[in-house]
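S.K.: Below is one structure. I have some questions about it.
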Amino acid sequence: MPDQNTATHEPEQVDALDGARISGAEVWRTIYALFYNKKIGLLLILIVTILSLIGVVFPQANSYVVDDEAAWEDFLTNLTPVYGGWTRILAAIGFFNMFSSWLFRIMMILLCLSIIGCTTHRIPLLYRTAYKPRKRASENFFNTARFRYSARLSADAETTTDALLATAKRRHMRVIADDAQREFFYLDRFHWAPFGTALSHLAFILIIIGFLVTQSMGFRNDFFLVTVGETQEVGYNTGLSAKVVSFQDAYNEDGRPLDYVSHVILYKDGQTVADQNVRVNSPLSYDGVMFHQASFGMSAVVSISGNAGELRSGGVPLRYTTSDGAYSYGVVELEDPALEVFVITSASGRTNPDLAPGQARIEVYESGSQETMDMKVVDQGQPATVAGLDITFEREAQYAGLIVRSDPGAWVVWLGSALLIIGSIMTMALRHQRMWAWVTATDDGSVLRLASHDKRDLGFSRYFHGFGTEITERITQGKEL
């Protein structure tokens with residue numbers, strides 16, 4: 001009778017996938033191999049090139065427009081007649097802000113990883129070639145190499161070797177002797193030059209990183225318009241505000257501009273931090289933010305009040321011009337109530353029968369609407385009620401148009417550019433030149449053999465044969481070794 005205390009165990013079921021586990025190291029090697037694959041790298045370069053071409057061909061909105069919902073909406077509305085129903089789709093993909101779009105940034109990051117993968121994969125080979133070269137070559141190599149030199153000399157092997165070493169020293173060549181057989185020698189120049197490719201790759205990585213840093217952390221406003229005598233906040237969490245004290249423009253006799261200059265005072269949290277005349281080529285710089293003189297024009301100084309009190313008081317830059325060039329206008333966007341107030345005057349040098357000098361036409365629209373709520377021509381200094389708003393056109397004044405930008409990745413790009421130049425010089429101008437020497441003793445002297453498999457190059461061919469000839473002449477002419 002079987003022992004009741006003995007347990008009977010059924011064999012465990014073995015799943016078909018048991019044991020087919022992939023280690024983390026294998027996953028890493030697979031991903032790494034993907035990034036150092038040259039075909040993947042070329043594909044990424046092609047994609048980035050196409051995206052860059054799109055960014056050049058299609059209209060691009062700057063960061064100020066992209067960050068401002070109303071400005072972005074106006075930008076897309078103006079493009080709708082051109083691209084029709086595709087406008088919103090193209091905008092979602094990033095066609096109109098390509099260089100700051102998620103698609104372009106992802107491709108740049110992948111390209112950066114590909115460059116890193118290719119570089120790290122190649123560095124061990126460069127290191128072995130530069131610091132652990134093969135010191136001995138076969139007899140067949142000396143007979144079949146692309147560059148060959150052979151000379152039978154009357155001097156013994158030791159004298160020939162001394163001549164070889166003296167010539168190499170004079171030509172600043174590195175010589176590594178084979179420890180096992182002292183008759184074989186490896187010689188080269190610029191053994192560190194191939195690392196120029198790694199330096200160039202590092203340069204591209206830095207340039208990409210600098211670009212991404214600027215796109216992620218920097219900003220650019222091409223339309224920072226400040227009416228003379230007024231102060232305007234810069235925004236972008238900088239805590240800065242700029243006041244244009246004065247603006248002057250000078251012209252020569254034929255009307256060509258000589259100089260545009262704005263006197264700008266910069267404030268940080270209410271404290272003056274900079275005071276400078278800003279010209280086209282003399283920007284004001286503070287804490288990484290640059291102010292460039294870009295344009296100028298006329299502003300209409302208006303005050304707008306509603307039921308809740310004063311809604312807006314200050315200059316409205318008349319930066320827009322109608323298609324016929326007869327009128328200039330600016331827009332005030334009110335949040336509460338959600339209205340758009342257009343201030344329209346005659347363009348500079350133009351007269352219009354519906355607007356006398358010193359007059360402006362005020363048009364009020366609901367935000368996003370094309371239908372006029374109310375319109376009225378107002379005299380300078382005379383209050384008027386338009387669409388329930390009390391509006392006074394006080395005077396005209398000049399405005400200065402500044403470009404305000406922050407480029408925190410610029411120094412990284414400059415560093416990358418410098419490394420790219422250095423790496424290119426190392427790779428192209430200081431090519432790694434290698435040769436092998438074999439000195440053998442004979443009954444009546446010695447035989448010197450030189451060989452190299454470098455690329456066909458007229459300069460190296462002359463250098464190689466000149467090197468062999470100089471060794472021979474040192475011996476035959478009895479030159480000091």
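Read-outs throughout are calculated quantities, based only on the coordinates presented, and are distinct from any laboratory measurement. In this text the structure is predicted, and so the values were computed from the model without any measurement. Cβ: placed from backbone, ideal geometry, glycine included. Neighbour counts: every protein chain shown.
S.K.: Please give the net charge around ALA157, taking every other residue with its beta carbon less than 13 angstrom from that of ALA157, where Lys and Arg add +1 and Asp and Glu add -1. Don't jump to the answer; show the numbers that get you there.
M.R.: Numbers: positive: ARG152, ARG182, ARG449; negative: ASP156, GLU158, ASP162, GLU183, ASP443, ASP444.
Net charge around ALA157: -3.
S.K.: Follow-up. Whole Å is fine, so just give me how far the alpha carbon centre of segment 242-272 lies from that of segment 144-198.
M.R.: Here the two parts' Cα centres lie 68 Å apart.
S.K.: Cβ under 14 Å from ILE45's Cβ, ILE45 left aside: what net charge do those residues give with Lys, Arg +1 and Asp, Glu -1?
M.R.: +2
S.K.: Show me, for segment 407-423, the HN-Hα J-couplings you get by feeding each phi into the Karplus relation (A = 6.51, B = -1.76, C = 1.60, θ = phi - 60°), rounded to Hz, glycine and proline as x.
M.R.: Calculated HN-Hα couplings, in order: 10, x, x, 4, 5, 5, 5, 5, 4, x, 5, 5, 5, 5, 5, 4, x Hz.
S.K.: Work out how much length SER246 to ARG136 would gain on full extension: take 0.36 nm times their residue separation and subtract the Cα-Cα distance, in nm to one decimal. Don't skip to the end; give the middle numbers.
M.R.: Values: separation 110, 0.36 × 110 = 39.60 nm, distance 7.80 nm.
Difference between extended and current length: 31.8 nm.
S.K.: Once you list every other residue whose beta carbon is under 9 Å from the beta carbon of MET173, what net charge do they have if Lys and Arg are +1 and Asp and Glu are -1?
M.R.: +4
S.K.: How large is log10 I(q)/I(0) at q = 0.06, 0.08, 0.12 Å⁻¹ when the Debye formula is applied to the Cα atoms of the chain, each weighted equally and without solvent?
M.R.: Treating every Cα as an identical point scatterer, log10 I(q)/I(0) equals -0.56, -0.75, -1.14.
S.K.: From the cross-link list LYS135/LYS169; LYS243/LYS376; LYS132/LYS169, which pairs have alpha carbons spaced over 23 Å apart?
M.R.: Checking Cα-Cα distances, LYS243/LYS376 exceed 23 Å.
S.K.: Could I ask something else about it? Apply 1/(1 + (r/R0)^6) to the Cβ-Cβ distance of GLU253 and ILE106, taking R0 = 60 Å, and write down the FRET efficiency to the nearest 0.05.
M.R.: After rounding to 0.05, the efficiency reads 0.60.
S.K.: Tell me the label-point distance for the pair ASN237, LEU430, using the 7 Å Cα-to-Cβ offset, in nm and rounded to one decimal.
M.R.: In this crude label model, ASN237 to LEU430 measures out at 4.3 nm.
S.K.: In nm, what is the difference between 0.36 nm times the number of residues separating ALA418 and MET375 and their Cα-Cα distance?
M.R.: Working: separation 43, 0.36 × 43 = 15.48 nm, distance 5.90 nm.
Full extension of this stretch gives 9.6 nm more.
S.K.: Mind listing the long-range amide H neighbours of SER367? Cut-off is under 5 Å, sequence gap 5 or more, other chains count too, H placed in the peptide plane at 1.01 Å from N.
M.R.: Residues meeting the amide H criterion: LEU339, GLU340.
S.K.: Also: Multiplying the sequence separation of THR385 and TRP86 by 0.36 nm and subtracting their Cα-Cα distance, what value in nm do you get?
M.R.: Taking THR385 through TRP86 to full extension adds about 103.5 nm, to one decimal.
S.K.: Taking amide H positions as placed 1.01 Å from N in the peptide plane, with prolines and chain starts having none, which residues 5 or more places from ARG395, or on another chain, fall under 5 Å of its amide H?
M.R.: Close amide H contacts, sequence-distant or interchain: VAL301.
S.K.: On to the next question. Hey, what's the Kirkwood Rh for segment 219-406 if you take every pair of different alpha carbons, in angstrom?
M.R.: 17.7 Å is the Kirkwood radius here.
S.K.: Would you grab the residues whose amide H sits under 5 Å from the one on ASP374? Only those 5+ places off in sequence or on another chain, please, with H modelled 1.01 Å from N.
M.R.: It is VAL364, by chain and number.
S.K.: Just in segment 258-342: which GluC sites (Glu not before Pro) are loop by DSSP and have at most 15 other Cβ atoms within 10 Å? Working shown, then result.
M.R.: Details: sites: GLU310, GLU333, GLU335, GLU340; in loops: GLU335.
For GluC sites (Glu not before Pro) across segment 258-342 that sit outside H, G, I, E and B with at most 15 neighbouring Cβ atoms in 10 Å, the list reads GLU335.
S.K.: Residue by residue through segment 374-379, what is 3J(HN,Hα) from phi via Karplus (6.51 cos²θ - 1.76 cosθ + 1.60, θ = phi - 60°)? Round to whole Hz and write x for glycine and proline.
M.R.: 6, 8, 7, 8, 10, 8
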